[in-house]
Amino acid sequence: MQDVWKTYPNGVMAVNGISIYIKKGEFVYVVGPSGAGKSTFIKMMYREEKPTRGEITIDGKDLSKIKEKNIPYLRRNIGVVFQDFKLLPNLTVFENVAFAMEVIEESKENIRKRVMEVLDVVRLKNKARFLPHELSGGEQQRVAIARAVVNKPAVLIADEPTGNLDPETSWEIMHIIEEINESGTTVVMATHNRDIVDNMRKRLIAIEGGRISRDEIRGTYGYEI
Amino acid sequence: MKFRTFGRHIKEGAKNLVRNGWMTFASVSAVTVTLFVVGAFLLLIMNINHFASSLEDDVEIRVFVDLTAEAEDQEELGESLSDFNEVESVEYVPKEEGLEAFIDSLGDEGDYFESLRDENPLNDVFVVRAEDPQETEIIAHEIEDLDHVEGVEYGRDIFDQLFSATDFVRIVGAGLIVGLVFTAIFLIANTIKLTILARKTEIQIMKLVGATNSFIRWPFFIEGLLLGTLGAIVPISVLTFGYVRFYEAIGKSTGLEFFEFLPVYPLTIQTSLLLLGIGAIVGVWGSIMSVRKFLKV
C-alpha cells in the first residue's frame, strides 16, 4: 500500500497518506478509535471504496487501476468477514457457504467436497443443514468465515469479526482465524477488542486521524478506554 | 456461461417469483391490466385500420375518353395508363356498359333514359386504381395531361377527408399504445424495485464474494421474462375468447356492406403474439432497469 489517500465526496478526509507493506502470510491487527479511518482503510482493500490517490497492490494487482468489470475476479482472491455476519437468512449453512462457490461456477461435486472441508475447519460440519437463525452468534460468524475462505483466497479481511460476540465466543473465532492464517492465508483484522490484541500478540497497526500512529511487530492495544 | 449455470439462473429466477409471492402477484396484475388495455386497443385499431384501407381501396380514378377518339387511340391510351408504375389496375368500361349500369342503378326511373341507347351521350371510361391509394391525386393529374383524355374524376373532397381521418386514427392509436407500453414498463420496474430492495443484502453479498454483474443479473432477467409472460396469459385468453364471441355475434354481418370486421384468424393470433412479446419485453426491461443501480457495490 503506497501513500494512500481517501477523501469522500462530502469533504471528509478519512485516510490521509497511509503507506504499509503486509507480507504474504502475515497476521495484522488494525486498531484505532471510531472514525479514525479504519473502516475506510479496510473497505479500500476489497475495493468497495476507491482511493482518491495512491495505489494499493494485492498479490501483484493494482486495485486503483483495476477495471470495473474485473473487480469480481479480484474479490475472489479476497475473503471478507463482517461484524454483522451478512449471511442469507433463507439459506442453510451449507448453502450459504456453497453460494460463494456457485458464483464462480464451480461444479456441484467440487462444491460439496470443499464446503464440507471448510465446515470441518470451522467445526460446523454437524450443523450444515441448519438455518442461520437457528445458530448462535459465534456459530453464525464461523459460517461467515467458512464462506470467506471457501475459495482459498490469498487474503482474509475481517472487519471487527468479534464485535457482536461475548469474550469466550470471540476466542473461539480467533483460534479459527489463527488456524486459517497458519495455513498460509494473510489476515488483516480491524478490531476494538483489547483483550484479544494483548493476549494474541501479532503485528499491530494503529490508525488515528487517517494516519498510521504506530506499527509494531508484537504490539499491544495501548489505548486507555 | 456454463450450461449448468444457466440452469441455476432459471431455477433462481423462478424461485424468486414464488418467494416474493405478493410482489409477484402485484407485478403480474400490473402487466395483466396494461396488456388488456393495449390488446383491446390493438383489436380496435386494427379493425379501424382495416375499415380505412377498405375505404381507400374503393378510391378510383375515372378517366373519360375523348368522344372523337378512334378505337386505336383508345387502345393506345389504355396501354399508356397500364404503363404507369404506380397503377395497380386499369379497367375499360365502354360507353354502352356505362349506360347500362347507369340505367340499372336508377331502377324504375331508369326507363326514361332507355331512349338514350340509340344516341349514347356518355364517354368510354377507363377505371384506374392506384397501387397506393394515397398516390391517387398525383396520378390523376398526370393522366389529365395524356392525349385523348377529356377529363378525370376521383372524388377530390371525399378523398382528402378520408385520408386525413384515417391518418388521424392511426397516429392516435399508435400513440396510445406506445404510451401504455411505457406505463407498463414503469409499473413493473417499480414493483420489481421493491422486491429488489428486500434482496439488497443478497446482491451485496454476491458482489462481495466475487459474482460478476451478469451472473447477478441473469436471475432477474428470467424473473422479468416470467412476470411479463405470466401477465400476458389472462389478457390473451380473455381478448381472444371475447373477440371470437363478438365476431360470431355481430362481426360477420354489420348490415353495412362496406364495413366488415376482421375475421378471427389470423387477427387473434397476431394480437396474442404481439401481447406476449410486449409482455416479455416489458418484464425484462423493467427488471433490468431496477437491478442496475444495485450493482454498484
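All of the numbers you see were taken from the coordinates with simple rules; none came from a lab. Worth saying up front: this structure is predicted, and the values here are computed from it rather than measured. Here the Cβ positions follow ideal geometry from the backbone for every residue, glycine too, while neighbour counts run over all protein chains shown.
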Karplus 3J(HN,Hα) series, Hz, for the stretch B:139-151 with 6.51 cos²θ - 1.76 cosθ + 1.60 (x for Gly, Pro): 4, 4, 5, 5, 5, 3, 7, 6, 5, 6, 9, 7, x
What ³J(HN,Hα) values, in whole Hz, does the Karplus curve 6.51 cos²θ - 1.76 cosθ + 1.60 give for the stretch B:8-17 when θ = phi - 60°, with x put for Gly and Pro? 4, 4, 4, 4, 4, x, 5, 4, 4, 4
Average partner chain C-beta neighbours within 10 Å, per residue of A:84-95? 2
Amide hydrogen neighbours beyond the local backbone of B:GLU150, cut-off 5 Å, H modeled: B:PHE64, B:VAL65, B:ASP66
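Write out the chymotrypsin sites (Phe, Trp or Tyr not before Pro) in the stretch A:133-225 meeting two conditions: DSSP loop, and at most 13 other Cβ atoms within 10 Å of their Cβ. Mind showing how you got there, number by number?
Working: sites: A:TRP171, A:TYR221, A:TYR223; in loops: A:TYR221, A:TYR223.
Taking the stretch A:133-225 and a limit of 13 other Cβ atoms within 10 Å, the loop chymotrypsin sites (Phe, Trp or Tyr not before Pro) found are A:TYR223.
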If you fit an axis through the alpha-carbon atoms of helix B:95-106 and take the longest principal axis of the Cα set of chain B, what angle between them do you get, 0 to 90°, nearest 10? 70 degrees
Once all Cα-Cα distances of the stretch A:88-152 are split into 5 Å bins that start at 0, what whole-number percent is in each one? 4, 22, 35, 24, 12, 3, 0
Return the Cα extents of the protein assembly as shown along principal axes one, two and three, sorted largest first, each rounded to a whole Å. 130, 48, 39
With viscosity set to 1.306 mPa s and temperature to 10 °C, compute the Stokes-Einstein D of chain A, Rh being the Kirkwood radius across alpha carbon pairs; µm²/s, no decimals. 88 µm²/s
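Evaluate peptide A:63-73: per residue, the Cβ atoms of other protein chains within 10 Å of its Cβ; return the mean as an integer. Before the final figure, lay out each step's value.
Details: counts 0, 0, 0, 0, 0, 3, 3, 1, 5, 11, 2.
That average works out to 2.
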Under a Cβ-only charge scheme (Lys and Arg +1, Asp and Glu -1), can you give me the dipole magnitude of the stretch A:88-152 about the Cα centre, in debye to the nearest 20? 200 debye
Partners for A:LYS113 among lysines (Cα-Cα distance below 16 Å; same-chain residues under 8 apart left out): A:LYS125, A:LYS127, A:LYS152
What does the C-alpha gyration tensor say about the overall shape of the stretch B:1-64? Classify as rounded when a/c is under 1.5, otherwise prolate if a/b is larger than b/c, or oblate. oblate
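With N residues in chain B, what two-decimal value do you get for its Cα radius of gyration over 2.2 N^0.38 Å?
Numbers: Rg = 30.2 Å, N = 297, 2.2 N^0.38 = 19.1 Å.
Dividing the Cα radius of gyration by 2.2 N^0.38 Å gives 1.58.
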With springs only between Cα atoms under 10 Å apart, run a GNM on chain A and tell me which of A:VAL121, A:VAL28, A:VAL93 wobbles the most. A:VAL121
Report the trypsin sites (Lys or Arg not before Pro) located in the stretch A:10-75 that are in a DSSP loop and have at most 14 other Cβ atoms inside 10 Å of their Cβ, or state none. A:LYS23, A:LYS24, A:LYS65, A:LYS67
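Antiparallel DSSP bridges in the protein assembly as shown: what percent, to the nearest 5? Could you put the intermediate results ahead of the total?
Working: 27 of 44 bridges.
Looking only at bridges with both residues in the protein assembly as shown, the antiparallel portion is about 60 percent.
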Out of residues 5 or more away from A:THR57 or on other chains, whose amide H comes under 5 Å of its own, with H placed 1.01 Å from N in the peptide plane? A:GLN2, A:LEU63
From the Cα centre of the stretch A:145-175 to that of the stretch A:34-107, the distance in Å is 14 Å
Through the Karplus equation 6.51 cos²θ - 1.76 cosθ + 1.60, θ set to phi - 60°, convert the phi angles of the stretch B:226-236 into ³J(HN,Hα) values in whole Hz; use x for Gly and Pro. 5, 4, x, 5, 4, x, 7, 4, 4, x, 4
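Enter the mean number of other protein chain beta carbons within 10 Å of the beta carbon of each residue in A:146-159, as an integer.
Numbers: counts 0, 3, 2, 0, 1, 2, 0, 2, 0, 0, 0, 0, 0, 0.
The shielding value for this peptide is 1.
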Which percent, nearest 5, of DSSP beta bridges in the stretch A:109-225 are antiparallel? 50 percent
Dimensionless Rg/Rh of the stretch B:60-154, both radii on Cα and Rh by Kirkwood, sits at 1.02
